[in-house]
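Down below is the structure, laid out as structure tokens.
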Amino acid sequence: MKLIPFGQRSGFRVPQANIGGMRLPQDTGTAVALLRHAIDSGMRYIDTSRGYGDSEIKIGQALKDGYRQKVILSTKWSPWIMRIEESDNTSADCVRKRIEESMKRLDVDYLDYYQVWNIDSREHYGQAVAKGGMVDGIQKAISEKLVGHTGFTTHDKVENIIEYVKETDWCEIILFSCNILNLIYEKAIEAAHAKGIGIIIMNPVAGGLLGRDSSMLKALAKRVGAKTIPELAIRFLTSNPSVTTVISGISKMSDVDSTVAAVDRGHFTPAQMDLLRKILAEMHVADKVFCTGCRYCMPCSKEIDIPAIMKMIAQYRFWGFQEPARGGYRDLKSPKADACVQCGKCEEKCTQHLHIMDEMEYAIRNLASA
């Protein structure tokens, strides 16, 4: 895989497919072999977290024998996501403890990146950048050469992120969740890229959902010359000029090989991207108009999780994920559609004026079938 600039602020160059450390194999030896295979295959950037179980420890083992010098190593933490000690907070002193702890777990003497993990609200952003807060602590570690660079990950509102990137001169990379089923962050990604920030995409295959069969997406892949749905998903992202790289949560050798192969097939042409955007936009509009997930229909007197069932219907009807939708329906812990007594109260509250009672019948006919 060829290397491209990792944004305009760090000086690093990375391939367009890299390593996510959340889903490593349970066995340490297997995980080490997998990580080294990924690095040998050209992956360079490693994303992990203090909160990913023993991921840091396994990665530390994999980086022995000269492998540390081959990678760009990044980890992350925040107290609102994971408290290690009850006293954990957003102070510079606390993040310093967590940096040193991760370095010990990874068994390294420096980190290329240390990120603020999941800025998900204005409140948490404010805490991170406050005087004496997390960013100050990370920057002190940078000045002492324990850490090379910093950035953040996010699940915040698009409009908030666009405001953050206007003032985050300290931020060199941002990790977003984005895939062909969920494109809500595209405007924020574009805004951050325009500021020279490196853009990393997680969940490129929607946590594995895009590895499942869909007749609709399979036909779309064929139209643009992609061999598989995962290849379609990865190449759609890497063909976006605002996206630097994707990270895949690797758990087996084929995860590495298929991702590298997809990147090596190159970008879609502008005409292919226009076609994909047009068709995906139509599918998203149909999905979103169908049910926005606003939950105004709730609560249901029979405790049916109406939005959850409507989401499964959308997966089945609009995206062609029939078996995943049926599996999700089977696994529902709350009462299913057959508990509906057709009282109509949900329809009275629905902002989209959907025929929810009819949709519950649709779920019984299609999602409950074997």
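One table, with the values for the structure above:
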item	result
Candidate set: segment 295-309, residues that are in a helix (DSSP H, G or I) and β-branched (Val, Ile, Thr); chosen: the one nearest to Ile364 (Cα to Cα)	Ile309
Criterion: buried (at least 19 other Cβ atoms within 10 Å of the Cβ) and assigned to a helix (DSSP H, G or I) - qualifying residue of Met273, Met312	Met312
Residue check for Met360: outside the structural domain of Pro241 (by TED's automatic domain parsing), more than 26 Å from Lys227 (Cβ to Cβ), under 23 Å from the mean Cα position of the chain (by Cα) and touching a residue at least 12 places away in the same chain (Cβ under 8 Å)	no
Enumeration of residues in segment 90-102 that are surrounded by 15 or more Cβ atoms within 10 Å (Cβ to Cβ) and farther than 13 Å from Lys76 by Cβ	Thr90, Ser91, Ala92, Cys94, Arg96, Lys97
Leading residue by the ranking (nearest to Val147 (Cα to Cα)) among those in segment 1-29 that are exposed (fewer than 14 other Cβ atoms within 10 Å of the Cβ) and touching a residue at least 24 places away in the same chain (Cβ under 8 Å)	Gln8
Residue check, Ile189 surrounded by 17 or more Cβ atoms within 10 Å (Cβ to Cβ), in a helix (DSSP H, G or I) and in contact with a Cys (Cβ under 8 Å, 6 or more places away or on another chain)	yes
Residues within segment 135-186 that are polar (S, T, N, Q), part of a strand (DSSP E or B) and within 22 Å of Leu106 (Cβ to Cβ), tallied	2
Pick from segment 285-294, criterion of a type outside the set (Val, Ile, Thr) and part of a loop (DSSP other than H, G, I, E, B), ranking: farthest from Tyr316 (Cα to Cα)	Cys294
Segment 30-50 - residue that is of a type in the set (Gly, Ala, Ser) and out of contact with any Pro (no Cβ under 8 Å at 6 or more places or on another chain) and, of those, surrounded by the fewest Cβ atoms within 10 Å (Cβ to Cβ)	Ala33
Residues that are among the polar types (S, T, N, Q) and closer than 18 Å to Tyr113 by Cα, drawn from segment 3-46	Gln8, Ser10, Gln16, Asn18
Flag if Lys157 is of a type outside the set (Ser, Thr, Tyr) and over 19 Å from Trp80 (Cα atoms)	no
Qualifying residue in segment 73-84 (condition: exposed (fewer than 15 other Cβ atoms within 10 Å of the Cβ) and in contact with a helix residue (DSSP H, G or I) (Cβ under 9 Å, 6 or more places away or on another chain))	yes
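The values are calculated or read from the model by the stated rules, or taken from the named source; none is laboratory data. Nothing here was measured: the structure is a model prediction, and the numbers come from that model. Note: ideal-geometry Cβ built from the backbone for every residue, glycine included; neighbour counts use all protein chains shown.
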